[in-house]
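Student: Encoded as structure tokens, here's the structure I'll be asking about.
The values are calculated or read from the model by the stated rules, or taken from the named source; none is laboratory data. Remember, predicted model here, so these are calculated numbers, not experimental data. Here the Cβ is made from the backbone with ideal geometry for all residues, glycine too, and neighbour counts use every protein chain on show.
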């Protein structure tokens, strides 16, 4: 099993900033559910069973999406998925029920990010276009380094609910 990423030691920062982040997500809900590279993920709390919603960077591909855990196993959402892999994804006004699979096998992680590279910090379509074309080799190389110590999650939709 790979060592814990350095960012995992900084997990206390997003925990402290949870309230402001939730306010930002509520305020810009429509933007983030359609922004390239972002998804609203709803899991069931592993202790309470209550729905827990989090904004996460992702890569959408035909048949599913990939999410990387910046903070490794310290992220609450990934521990919730480990307990109950049933999730909901809000994307583009649609609510998708899905099943999440945590991938820790290094070769499989490297293959996934090589086939579906993404750059989470840039939720702007023109930046994604440049990264996916001209800078793709550099992006893939960086992602392969990034995912080594981190679990990634593959979510495949089970059912699609139309927008309300």
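Student: Does residue 96 meet the test of being farther than 19 Å from residue 143 by Cα, at pLDDT 85 or above and part of a strand (DSSP E or B)?
Tutor: yes
Student: Here's a follow-up. Would you pick out the residues in the stretch 55-93 that are farther than 22 Å from residue 13 by Cβ and part of a strand (DSSP E or B)?
Tutor: Correct list: 59, 60, 61, 64, 65, 66, 86, 87, 88, 89, 90, 91.
Student: Is the stretch 114-123 home to any residue that is in contact with a helix residue (DSSP H, G or I) (Cβ under 8 Å, 6 or more places away or on another chain), crowded, with 19+ Cβ neighbours inside 10 Å and modelled with pLDDT of 85 or more? Outline the logic, then answer.
Tutor: To start, the set of residues in the stretch 114-123 that are in contact with a helix residue (DSSP H, G or I) (Cβ under 8 Å, 6 or more places away or on another chain) comprises 114, 117-119, 122-123.
Filter once more, so that each one left must be crowded, with 19+ Cβ neighbours inside 10 Å: 117-119.
Still in the running and modelled with pLDDT of 85 or more: none.
Within the stretch 114-123 (the criterion being in contact with a helix residue (DSSP H, G or I) (Cβ under 8 Å, 6 or more places away or on another chain), crowded, with 19+ Cβ neighbours inside 10 Å and modelled with pLDDT of 85 or more), the answer is no, since none of the residues qualifies.
Student: Continuing with this model, one more query. From the list 44, 86, 74, pick out the single residue that is farther than 22 Å from residue 149 by Cα, surrounded by 17 or more Cβ atoms within 10 Å (Cβ to Cβ) and out of contact with any strand residue (DSSP E or B) (no Cβ under 6 Å at 6 or more places or on another chain).
Tutor: Criteria check complete, one pass: 44.
Student: Still on this structure, I have one more. For the stretch 124-164: of the residues being assigned to a loop (DSSP other than H, G, I, E, B) and within 13 Å of the chain's Cα centre (by Cα), which is modelled with the lowest pLDDT? Before you say what the answer is, go through the steps one by one.
Tutor: Taking the stretch 124-164 and keeping what is assigned to a loop (DSSP other than H, G, I, E, B), we get 124, 133-135, 148-151, 162-164.
With within 13 Å of the chain's Cα centre (by Cα) added as a condition, the list becomes 150-151.
Details: 150: 88, 151: 91.
Ranking the qualifying residues of the stretch 124-164, first place goes to 150.
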